[in-house]
Amino acid sequence: MKKAIHRTLLFLSMLGALILLLPAKVGASELLRVGSSGTSVYILQVNLRGLGYGGTADGYFGTKTQSAVYWYQSSRGLGVDGIAGPETQNTLKADMKEVQQGLNILEYDAGPEDGIYGIKTAAAIASFQKSKGLTADGIAGSRTRLALKTALEEASAGETEPAPETGSLKAFQQFALNNWTAPIKTSFLPVTGGRTFGYRRTDGRQHAAIDYYVNNGAGTPVYAMTSGTVTGVSTTFYAGTGAVTILNEDGSVIRYGEIRAAVKNGAKVKKGEVIGYLQANNLDGGTMLHLELYRGDASGILTQTGNTSYTYVSGNFNRRADLLDPTFLLGLSK
């Protein structure tokens, strides 16, 4: 067991030195395929190895790397072509970042949550594996990731306070701040102007959400803010983007818009679970999470054209009557 982790750490140490010597011939937004080389190929290869998909890590995209990409794409439901385009690269980094985040939550110190498999991440994985009786090789394969997910669920069990009474808005807001997690873990632009709740459009309709705008953020993971059940998955939410609607265990409802769903309708999700990825709209290429919040004490579809009667806000939002102003949730990101 010690030899396995020693080999992994030695490999990563040597790799870190080699990365500094190689020219970055290919950018992360370009296609990586057989014949590509450079730093972006190294990062691709290291993350494939770190997540248990094998392959070599020499900075050159050969047939072994192609096979690893095929395997990864197939397992993640991506287009299987053996070419690591932006979607494959971003999803791979998001998966590694999710491992790092989970380890850090459980206090295994995986280092920065940068989505790149390195020495600290490998050491944290090995420590976690040892604590769970798994082979401590520092590789986050499928068994290790399943054990990590289970450990996170167990850690969060029993931590949630009882949900407040439906009618108390202030109590609900405090409950959410105490128990929910932020939906975006990366930096985003300040929520100002048209990204704010209540911003009035040219047609008089007001913005029924807050937008977490991430520059060039396609593929950025979006996390369930609290546990619940997926009640809607759309691929036609806005300008070529999709949405995921979740009925939370506390009775509230969140619609996560302008994303590509990573969950299916009817699925049970846990707080902190990746439910989708930011998706560029086809109008200006912008990438943001459009977040709508509902208290859950009304019925019917969330978008109700022409409705101007609301329980908790006033205005012209064309949404269900229990619409809430989600601006207070920005406190989760501080």
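The values are calculated or read from the model by the stated rules, or taken from the named source; none is laboratory data. These numbers were taken from a predicted model, which means no experiment stands behind them. Reconstructed Cβ throughout: ideal geometry from the backbone, glycine too, with neighbour counts over all protein chains shown.
Going by the structure shown, is Ala243 in a loop (DSSP other than H, G, I, E, B), at negative phi, at pLDDT 95 or above and crowded, with 17+ Cβ neighbours inside 10 Å? Criteria not met by Ala243. For Gly306, indicate whether it is assigned to a loop (DSSP other than H, G, I, E, B), under 30 Å from Thr186 (Cα atoms) and not aliphatic (A, V, I, L, M). In short, no.
Taking segment 301-334 as the range and being under 28 Å from the mean Cα position of the chain (by Cα), surrounded by fewer than 17 Cβ atoms within 10 Å (Cβ to Cβ) and more than 21 Å from Gly272 (Cα to Cα) as the test, the residues that pass are Ile301, Thr303.
Yes or no, residue by residue, for (1) over 21 Å from the mean Cα position of the chain (by Cα); (2) modelled with pLDDT of 90 or more:
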site: Leu48; (1), (2): no, yes
site: Gln66; (1), (2): yes, yes
site: Ser75; (1), (2): no, no
site: Gly79; (1), (2): no, no
site: Ile105; (1), (2): no, no
site: Ala124; (1), (2): no, yes
site: Lys132; (1), (2): yes, no
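When Val222, Val230 are screened for being surrounded by 22 or more Cβ atoms within 10 Å (Cβ to Cβ) and touching a residue at least 40 places away in the same chain (Cβ under 8 Å), only Val222 passes.
Applying the criterion of being in contact (Cβ under 8 Å) with a residue 60 or more places away in the chain and among the polar types (S, T, N, Q) to the residues of segment 120-147, the residue that is farthest from Gln101 (Cα to Cα) is Thr135. Scanning segment 134-174 for residues being touching a Lys or Arg at 6+ places or on another chain (Cβ under 6 Å), closer than 30 Å to Leu324 by Cα and at pLDDT 90 or above gives a total of 0. Annotation note: Cβ proximity below 7 Å between a residue of segment 162-182 that is part of a loop (DSSP other than H, G, I, E, B) and a residue that is modelled with pLDDT under 80 (sequence gap 6+ or interchain) occurs for Ala182/Ser333. Kindly indicate whether any position in segment 54-63 is touching a helix residue (DSSP H, G or I) at 6+ places or on another chain (Cβ under 6 Å), buried (at least 18 other Cβ atoms within 10 Å of the Cβ), assigned to a loop (DSSP other than H, G, I, E, B) and among the hydrophobic types (A, V, I, L, M, F, W, C). Yes, some residue in segment 54-63 is touching a helix residue (DSSP H, G or I) at 6+ places or on another chain (Cβ under 6 Å), buried (at least 18 other Cβ atoms within 10 Å of the Cβ), assigned to a loop (DSSP other than H, G, I, E, B) and among the hydrophobic types (A, V, I, L, M, F, W, C).
Table: residues versus (1) touching a Gly at 6+ places or on another chain (Cβ under 9 Å); (2) within 23 Å of Ser156 (Cβ to Cβ).
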| site | (1), (2) |
| --- | --- |
| Gly54 | no, no |
| Asp58 | no, no |
| Val69 | yes, no |
| Gln73 | yes, no |
| Pro86 | yes, no |
| Gln101 | yes, yes |
| Tyr108 | yes, yes |
| Ala122 | yes, no |
| Ile125 | yes, yes |
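When each of Ala94, Ala68, Ala110, Ala124 is tested for being outside the structural domain of Val263 (by TED's automatic domain parsing) and part of a loop (DSSP other than H, G, I, E, B), the lone residue that passes is Ala110.
Consider Arg260 carefully, then state whether it is in a strand (DSSP E or B), modelled with pLDDT of 95 or more, closer than 20 Å to Leu78 by Cβ and of a type outside the set (Val, Ile, Thr). Criteria met by Arg260.
For the residues Asp284, Asp250, the requirement of being acidic (Asp, Glu) and either surrounded by fewer than 16 Cβ atoms within 10 Å (Cβ to Cβ) or closer than 24 Å to Arg200 by Cβ (or both) singles out Asp284.
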